[in-house]
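Quick notes on the structure that follows.
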Amino acid sequence: MTAADVLVETLLDWGVEVIFGLPGDGINGIMESLRTHEEKIRFVQVRHEEAAAFMACGYAKFTGRLGVCLATSGPGGIHLLNGLYDAKLDNQPVLAITGLQFHDLIGTFTQQDVALDKLFMDVAVFNERIMGPTHVENITDLACRTALAYRGVAHITFPVDLQEKEVKKKQASSRNIPHHTSDVNARSARLPDRVDLERAADILNQGKKVAILAGRGALNATEELEKTAELLGAPIVKALLGKAAVPDDSPYTTGGIGLLGTRPSQEALEDCDTLLIVGSSFPYIEFMPKPGQAKGVQIELDPKRIGLRYPVEIGLVGDSRNTLRELMPLLKHKEDRKFLQAAQAGMKDWWELMEKRATRQDKPMKPQVVAWELGKRLRNDAIVSCDSGTIATWWACHILARRGQMHTLSGNLATMAPGLPYTIAAQIAYPNRQCVAFVGDGGFSMLMADFVTAVKYKLPIKVVIIKNNTLGQIKWEQMVFLGNPEYGVDLHPIDFAAFAHACGGIGFSLEDPGECGRAMEEFLAAPGPAILQAAVDPFEPPMPAKVKAEQALHFAESLARGEPNRKKIALTTISDQVRELI
């Protein structure tokens, strides 16, 4: 048995079924072991190591299991970093395995002589270099356990010459007893102290206008959130990564918060006197209640995040679902439902406005139309992956999350490009579910080569590309945040439908809003991997729920200072506002 065999078999002991990666001469020994174990563990070849890391992160997000990616020495390992930071910042358990140069040439300016263990120091919660064949089992067990226990990135870098060495007992030190480690993945009950639960219940019971902020940590607590909201008469505001925590047709939710959120959500946080935060580290503090406005209770698995965004009175350290189950019997049913009813009335008006924006027949087609028509046709088991940019606005506001669906994007890193790799990982994890990427042309084009990965492995993913030939989010930030004319944001057009056909997939093109529904149905029903490119109005602004005076002033300044498309942008914006008034 080689050292690489020990690595692969230890991963099998931890339940790893798939590894995303790209071969290279720095991992030849590992690749040979994967070949000889191919009936037990699947290797998915990608076209770029960054995509492999995103796939590992997406796999972890959708399954809760360990995501694993593999890259060669030097540049291969470097390419992993963006996807690994995505996992770090969204607290996903990912193991990165990289090659390293010959163990006795490291640090001698040999080819691809990059000390990847040093490079990965910031991104990883566990980060070690294999020192010999008898070191592999110990390190791999600890790496897997640490990634899962601390919900972060673990990294093992493996010198290439050690990978193919036979494991012999005499190689071990006297203290390194064979098989002294374990593959047991232990979990605690993850429940807070009873006294803290009672103190939290007192605060929530005394509140007259309670709001709940739910994030990614509450994704497994849908029923408990709704029952708690019913008891407290509280609207549930959702952070972006918590989009699927409660379905959007729930009578208790006001949808998202922040620049991509709803007006009722913003008003709920502005007016509440008590705030219950469940599994969220929502970073946009300016949208939270002002310190001192509301008393706070926070449920959080990670103790260091208690009080991170709002000065809460009580922190309940524990799993969201289990903690809410312990908390609910201590809560009193509030007879006064005015606060919740006001939020519900606001949401009725909000959805009418969203539907109005999404059913317009203007040409060029509005991006909201595409999102709305897609959302209506998604299956209840759909897994939807989005990208960063204006695309996230259309996803957040116009694709309603239904019970049973999963939705995600890069949350705290907010990187472009993970939409396609996430979707590939989702389809591999759940072969029978509908897996859809909803992405912009800028983000998709960064890693578009990996569409052929879906073709190669016959993965029936569906990719909707909102094509506006611009880096839209950057354009609007230049104008609205700084008052500057747009610069450097135009993209040269790509025919993504032709690209899909060139890869061996199916491509669709859409420009007419009147044809959007029919085209969407044909696209979703297509066999195998498919791309639908939807050409949309590049001047449609991603409007926040409430426009601040400062933002309006900067917008006007950018037009006055020579914004090259000022006439079209002004006409589009004014037309939108007038249409919503009549």
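Could you rank GLU128, GLU540 by how accessible they are, 1.4 Å probe, largest area first? Could the numbers behind the result be given before it?
Working: GLU128 80, GLU540 10 Å².
From most exposed to least exposed: GLU128, GLU540.
Tell me, what is the per residue accessible area of segment 349-395 in Å², probe radius 1.4 Å?
33 Å²
Output the relative contact order of the chain, whole-number percent, from Cα pairs under 8 angstrom with separation of 6+ residues.
Answer for the chain is 11 percent.
How large is the accessible surface per residue of segment 12-102, computed with a 1.4 Å probe and reported in Å² as a whole number?
Result: 31 Å² of accessible area for each residue.
Determine the gain in length on full extension of the stretch ARG190-ARG42; use 0.36 nm per residue of separation and subtract their C-alpha separation, reporting nm with one decimal.
50.0 nm
Which value in deg cm²/dmol, rounded to the nearest 500, describes the helix-derived mean residue ellipticity at 222 nm for the chain, given -39,500 (n - 2.57) per DSSP H run of n ≥ 4 and division by the residue count?
Per the formula, -11500 deg cm²/dmol.
For ALA342, put the label point 7 Å out on the Cα→Cβ axis and report which residues of segment 221-263 keep their amide N under 16 Å from it.
Only 233-237, 254, 263 fall inside the zone, counting backbone N under 16 Å.
Quick one: accessible area per residue over segment 173-242, 1.4 Å probe, rounded to a whole number of Å²?
Counting only protein heavy atoms, the per-residue value for segment 173-242 is 50 Å².
Using the Cα centre of the chain as the reference point, and only Cβ charges (+1 on K/R, -1 on D/E), how large is the resulting charge dipole? Debye, rounded to the nearest 20.
940 debye
May I ask you to derive the relative contact order of segment 212-319, considering only C-alpha pairs under 8 Å and at least 6 residues apart, and to give it as an integer percent?
24 percent
Only one of the listed values, (1) 28.0; (2) 24.1; (3) 26.2, was derived from the coordinates as mean projected area of the Cα convex hull in nm²; which label is it?
Entry (1).
At R0 = 56 Å, how high is the FRET efficiency between THR359 and GLN206 if r is their beta carbon distance? Nearest 0.05 is fine. Before the final figure, lay out each step's value.
Numbers: r = 44 Å, r/R0 = 0.78.
Calculated transfer efficiency: 0.80.
Could you work out how much longer the chain between ASP495 and ASP104 gets when fully extended? Use 0.36 nm per residue separation minus the Cα distance between them, nm to one decimal.
Length gained between ASP495 and ASP104: 135.8 nm.
Using Cα positions and a limit of under 19 Å, work out the lysines in reach of LYS458, with same-chain residues fewer than 8 apart set aside.
none
Below 8 Å, C-alpha to C-alpha, sequence gap of six or more: please give me the relative contact order for segment 17-163 in percent.
Relative contact order for segment 17-163 comes out at 26 percent.
For TYR310, TYR252, write out the residues from largest to smallest accessible area, computed with a 1.4 angstrom probe and no ligands counted.
TYR252, TYR310
If I compute solvent accessible area with a 1.4 Å probe over the protein chains, what percent of it on the chain is carbon and sulfur?
54 percent
The values are calculated or read from the model by the stated rules, or taken from the named source; none is laboratory data. Small disclaimer: the values here were computed from a predicted structure and weren't measured. Please note: Cβ atoms are built from the backbone with ideal geometry, for glycine as well, and neighbour counts cover all protein chains shown. Areas reflect the complete protein model, heavy atoms only, side chains present, ligands, DNA and RNA absent. Shrake-Rupley method; radii C 1.70, N 1.55, O 1.52, S 1.80 Å.
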